[in-house]
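K.L.:
Quick one: the structure is below, questions incoming.
The values are calculated or read from the model by the stated rules, or taken from the named source; none is laboratory data. It should be emphasised that the depicted structure is a prediction, and the values quoted were computed from it without experimental measurement. Here the Cβ is made from the backbone with ideal geometry for all residues, glycine too, and neighbour counts use every protein chain on show.
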Amino acid sequence: MARFSIPEGKVYEADGTSIRQLLEILHLKKAIGAKVDGRLVDCDKVFTEDTEFIPVFPNSEEGLGLLRHSTAHLMAHAVLRLWPEAKFGIGPSIKDGFYYDIRFPKPISDEDLPKIESEMRKIAQEKIPLVREEHTKEQARELFLKLGEDLKVEMIDNLEGDILSTYREGDFIDFCRGPHVPHTGCCKFFRLLSLAGAYWHGDEKNEMLTRIYGTAFGSEEELKEYLRRMEEAKARDHRKLGKELDLFSVHPEGPGFPFFHPKGMVIMNNLTSFWRKEHTKRGYVEIKTPMILDRSLWLRSGHWDHYKENMYFTEIDETPFAVKPMNCPGGILVYNSAIRSYRELPLRMAELGFVHRHERSGALHGLMRVRAFTQDDAHIYCTPDQIKDEIKAIMELDRYFYQDVFGFKYYVELSTRPENSMGDPKLWDLAEQRLKEALEETGTKYRLNPGDGAFYGPKIDFHLEDCIGRTWQCGTIQLDFQMPEKFDMTYIGNDGAEHRPVMLHRTVLGSLERFMGILIENYAGAFPYWLAPVQVKLLQVSSEFAGYTEELAKKFRDAGIRIEVDSRDEKLGKKIRDAQMQKIPYMLVIGAREAEEGTVAVRDRSKGDLGSMTFEGFLDHLKSEFDPL
């Protein structure tokens, strides 16, 4: 007789009982699945041996994934009822939701989404079981061939293994590994979000399918909160604000290559000035390496084998060259340009390197996903016994940038050796151990991300959380024993012999373009005073006060304050509203009283009217503003 135990320590006999039956026996009405011996399993699994049973609820991370995958099937089922000739590609759960790629008999639009949702609710109310069935590969192929599902047949043909699984949901059947919720009634709280075009297998040479995005949650409250955050995110969209605030633009003549306008360059220049100041304080030296380098360098570094599909190429004097996607090989050439001594180490070389990486046109997204960007790189060359101290110093630098200056919460992730790694596994083990020790010795909590390291070394990644709860991966620390071997890097030790340095790759902001996009959305365009493209706007009530206004403008410019003058023949209320829309930190009203008394009437964009101040008094007020520059 098989027995199962639950976390409370109780043990039950359940020979021949399925998960679906067990959830009913235990009155776990809110459970949508289960883990058996630590593994998420299908509801039709039958107990045949002693196991540990843990119910899965929709408010857990695993439960949400299960719920969203099943809701993708629910959506496909609804589509089939509405468009019986539709054919189906893939429909996975993703972060915050799910999608399904579908070939429709005729194009659909956003106006069709409520109709699909309505049909989904009808199917959910029917509480149709999701039943797993197993077939041989040939049986599965024959099944979907009869259904006319050529996309599914192609997927089956490309899979290995003799036994495949499907899930039947009434008159809808899907080729899928599962697991799934017990029945469609578990999928109650969902919303279809948008439509997009998606090439089959992500290949531009293949046909374009319609991708429907949606989301699902375990409760109505969670769904409403998510939709509220989605609306907030739309209002903060950096592409929309970038245009409204005249920061940057993207043009058909350069897809994926953003153009920065004067106000956007103010932000970018202030970011780089702050970056340089803090790196100089911490003993970094700055270098600059060429954008185009001989192909042989990329062959030697391993990028040719591991990253070629993301690179651009050219030819000079009939010799093949590559546009750099990363700065590290160029930095290594700088290191190897001289004989190095142990007295120079750790040698911290920083570079604001302009790199190019090929991205598919469908993946491009404002400043967040581009084909050319500035990487705030640094490569630290050190001895083995300096590794942990250098990692700790980088972590402290990251904390200062993220938390103290920009006010982000963040979490840390340790990514280990990937399948396509290069080099000695023993060196990989050592590198992973050093990163773990640095994290643990600093008391840093971290998540493990197995198999997601760079091809040349494990890494620590920093994920920032913005003001509406979204996370962004920015900084990274990669510990590399491989490149020093490949490039025969050495230093002369205190014993007079040659030794191999260790190399740390790291970024703080990551892509400056992407980080600027994150800041635009986090601040909703209302940048802190030190970053604001225009810090103060002078609102001239009428041309009668132009002389005093220009006198003040010169004083502000001489004091290094970024100002604009609004001398338009418009009402004061409109000038104030326009300055508010441009999210300028301070507005100074200049009228008859101010001109007569030699003062300014100060308005703060968030606090409103601050009263009358002299020029010197207002400068003293500005000194209270945080300014890391």
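K.L.:
Answer yes or no as to whether A393 is under 25 Å from E485 (Cβ atoms), over 20 Å from the mean Cα position of the chain (by Cα) and crowded, with 20+ Cβ neighbours inside 10 Å.
P.N.:
Numbers: under 25 Å from E485 (Cβ atoms): yes; over 20 Å from the mean Cα position of the chain (by Cα): yes; crowded, with 20+ Cβ neighbours inside 10 Å: no.
Considered against the rule, which asks whether it is under 25 Å from E485 (Cβ atoms), over 20 Å from the mean Cα position of the chain (by Cα) and crowded, with 20+ Cβ neighbours inside 10 Å, A393 comes out as no.
K.L.:
Continuing with the same structure: Output the residue which, of all residues in the range 517-551 that are more than 33 Å from the chain's Cα centre (by Cα) and among the hydroxyl-bearing types (S, T, Y), is surrounded by the most Cβ atoms within 10 Å (Cβ to Cβ).
P.N.:
That would be T549.
K.L.:
Could you check how many residues of the range 73-104 are free of Cβ contacts under 8 Å to residues at least 60 places away in the same chain, under 20 Å from V131 (Cα atoms) and assigned to a loop (DSSP other than H, G, I, E, B)?
P.N.:
Number satisfying all stated conditions: 1.
K.L.:
Here is a further query. Test of understanding: among K571, K575, K554, which residue is among the basic types (K, R), out of contact with any Lys or Arg (no Cβ under 6 Å at 6 or more places or on another chain) and surrounded by 14 or more Cβ atoms within 10 Å (Cβ to Cβ)? Step through it out loud before you land on a result.
P.N.:
Numbers: K571 fails: surrounded by 14 or more Cβ atoms within 10 Å (Cβ to Cβ); K554 fails: surrounded by 14 or more Cβ atoms within 10 Å (Cβ to Cβ).
None of the others qualify; the one that does is K575.
K.L.:
Give the residues of the range 433-458 that are in contact with a Gly (Cβ under 8 Å, 6 or more places away or on another chain) and either surrounded by fewer than 17 Cβ atoms within 10 Å (Cβ to Cβ) or of a type outside the set (A, V, I, L, M, F, W, C) (or both), sorted by residue number.
P.N.:
In the first step, residues of the range 433-458 are kept if they are in contact with a Gly (Cβ under 8 Å, 6 or more places away or on another chain); the result is 455-456.
If the condition is that a residue be in contact with a Gly (Cβ under 8 Å, 6 or more places away or on another chain) and either surrounded by fewer than 17 Cβ atoms within 10 Å (Cβ to Cβ) or of a type outside the set (A, V, I, L, M, F, W, C) (or both), then Y456 is the only one that fits.
K.L.:
Going by the conditions given, is K436 within 19 Å of I387 (Cα to Cα) and either at pLDDT below 90 or basic (K, R) (or both)? Write out each step before concluding.
P.N.:
On the way: within 19 Å of I387 (Cα to Cα): yes; either at pLDDT below 90 or basic (K, R) (or both): yes.
When the stated conditions are applied, K436 passes them.
Condition check ((1) farther than 16 Å from E117 by Cβ; (2) of a type in the set (V, I, T)) across all residues:
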residue	(1), (2)
Y167	yes, no
D174	yes, no
P179	yes, no
T184	no, yes
F189	no, no
L195	no, no
A198	yes, no
G214	no, no
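K.L.:
Kindly list the number of the only condition in (1) farther than 30 Å from F260 by Cβ; (2) among the hydrophobic types (A, V, I, L, M, F, W, C); (3) at pLDDT below 90 that fails for A497.
P.N.:
(3)
K.L.:
Another question, then. Looking at the range 377-387, which of its residues are crowded, with 16+ Cβ neighbours inside 10 Å and part of a helix (DSSP H, G or I)?
P.N.:
Answer for the range 377-387, where residues must be crowded, with 16+ Cβ neighbours inside 10 Å and part of a helix (DSSP H, G or I): Q386, I387.
K.L.:
Looking only at the range 217-245, count how many residues are touching a residue at least 12 places away in the same chain (Cβ under 8 Å) and either under 19 Å from the mean Cα position of the chain (by Cα) or surrounded by 14 or more Cβ atoms within 10 Å (Cβ to Cβ) (or both).
P.N.:
Count: 18.
K.L.:
Restrict the check to the range 406-424 and report whether at least one residue is more than 18 Å from D461 (Cβ to Cβ), free of Cβ contacts under 8 Å to residues at least 40 places away in the same chain and either in a helix (DSSP H, G or I) or in contact with a strand residue (DSSP E or B) (Cβ under 8 Å, 6 or more places away or on another chain) (or both).
P.N.:
no
K.L.:
Within the group K324, K308, K281, which residue is of a type in the set (D, E, K, R) and buried (at least 19 other Cβ atoms within 10 Å of the Cβ)? Outline the logic, then answer.
P.N.:
Working: K308 fails: buried (at least 19 other Cβ atoms within 10 Å of the Cβ); K281 fails: buried (at least 19 other Cβ atoms within 10 Å of the Cβ).
Exactly one residue qualifies, and that residue is K324.
K.L.:
Filter the range 163-177 down to the residues that are closer than 22 Å to S60 by Cβ and touching a His at 6+ places or on another chain (Cβ under 8 Å), then identify the one that is modelled with the highest pLDDT. Give the derivation first.
P.N.:
As a first pass, look at the range 163-177 and keep what is closer than 22 Å to S60 by Cβ: 167, 176-177.
With the extra rule that they be touching a His at 6+ places or on another chain (Cβ under 8 Å), the set shrinks to 167, 176.
Values: Y167: 92, C176: 88.
Among residues in the range 163-177 that are closer than 22 Å to S60 by Cβ and touching a His at 6+ places or on another chain (Cβ under 8 Å), the one modelled with the highest pLDDT is Y167.
K.L.:
If you don't mind, there's one more thing I want to ask. Would you please name the residue that is surrounded by the fewest Cβ atoms within 10 Å (Cβ to Cβ), looking only at residues in the range 396-408 that are farther than 23 Å from R434 by Cα and among the hydrophobic types (A, V, I, L, M, F, W, C)?
P.N.:
Taking the range 396-408 and keeping what is farther than 23 Å from R434 by Cα, we get 401-408.
Those still in the list that are among the hydrophobic types (A, V, I, L, M, F, W, C) too: 401, 405-406, 408.
On the way: F401: 24, V405: 15, F406: 20, F408: 21.
Looking at residues that are farther than 23 Å from R434 by Cα and among the hydrophobic types (A, V, I, L, M, F, W, C), I get V405.
K.L.:
Considering the range 442-485 alone, what residues qualify as being more than 19 Å from G510 (Cα to Cα), of a type in the set (A, V, I, L, M) and in contact with a Pro (Cβ under 9 Å, 6 or more places away or on another chain)?
P.N.:
Scanning the range 442-485 gives a single hit, M483.
K.L.:
From the list G202, G214, G185, G178, which one is in contact (Cβ under 8 Å) with a residue 12 or more places away in the chain, in contact with a Lys or Arg (Cβ under 8 Å, 6 or more places away or on another chain), loosely packed, with under 13 Cβ neighbours inside 10 Å and more than 30 Å from I267 (Cα to Cα)? Step through it out loud before you land on a result.
P.N.:
Details: G214 fails: loosely packed, with under 13 Cβ neighbours inside 10 Å; G185 fails: loosely packed, with under 13 Cβ neighbours inside 10 Å; G178 fails: loosely packed, with under 13 Cβ neighbours inside 10 Å.
Testing whether each residue is in contact (Cβ under 8 Å) with a residue 12 or more places away in the chain, in contact with a Lys or Arg (Cβ under 8 Å, 6 or more places away or on another chain), loosely packed, with under 13 Cβ neighbours inside 10 Å and more than 30 Å from I267 (Cα to Cα) leaves just G202.
K.L.:
Can you tell me which of R168, R121 is free of Cβ contacts under 8 Å to residues at least 60 places away in the same chain and part of a helix (DSSP H, G or I)? First the steps, then the outcome.
P.N.:
On the way: R168 fails: part of a helix (DSSP H, G or I).
Matching residue, one of R168, R121: R121.
K.L.:
In addition: Tell me which residues, restricted to the range 602-620, are within 20 Å of R562 (Cβ to Cβ) and of a type outside the set (K, R).
P.N.:
V602, D604, S606, L610, M613, F615, E616, G617, F618, L619, D620
Residue by residue, here is whether (1) in contact (Cβ under 8 Å) with a residue 40 or more places away in the chain; (2) farther than 23 Å from E396 by Cα holds:
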| position | (1), (2) |
| --- | --- |
| H303 | no, yes |
| V323 | no, yes |
| L333 | yes, yes |
| A338 | no, yes |
| L352 | yes, no |
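K.L.:
While we're on this one: Would you confirm, using the coordinates I've provided, whether D429 is over 26 Å from W275 (Cα atoms), touching a residue at least 40 places away in the same chain (Cβ under 8 Å) and loosely packed, with under 14 Cβ neighbours inside 10 Å? Give the derivation first.
P.N.:
On the way: over 26 Å from W275 (Cα atoms): yes; touching a residue at least 40 places away in the same chain (Cβ under 8 Å): no; loosely packed, with under 14 Cβ neighbours inside 10 Å: yes.
So D429 fails the test.
K.L.:
Filter the range 31-62 down to the residues that are among the charged types (D, E, K, R) and part of a loop (DSSP other than H, G, I, E, B), then identify the one that is modelled with the highest pLDDT. Give the derivation first.
P.N.:
From the range 31-62, those among the charged types (D, E, K, R) are 35, 37, 39, 42, 44-45, 49-50, 52, 61-62; that's our starting set.
This time we only want the ones that are part of a loop (DSSP other than H, G, I, E, B), so: 37, 42, 44-45, 49-50.
Numbers: D37: 73, D42: 76, D44: 73, K45: 71, E49: 65, D50: 63.
Per the criteria, the residue is D42.
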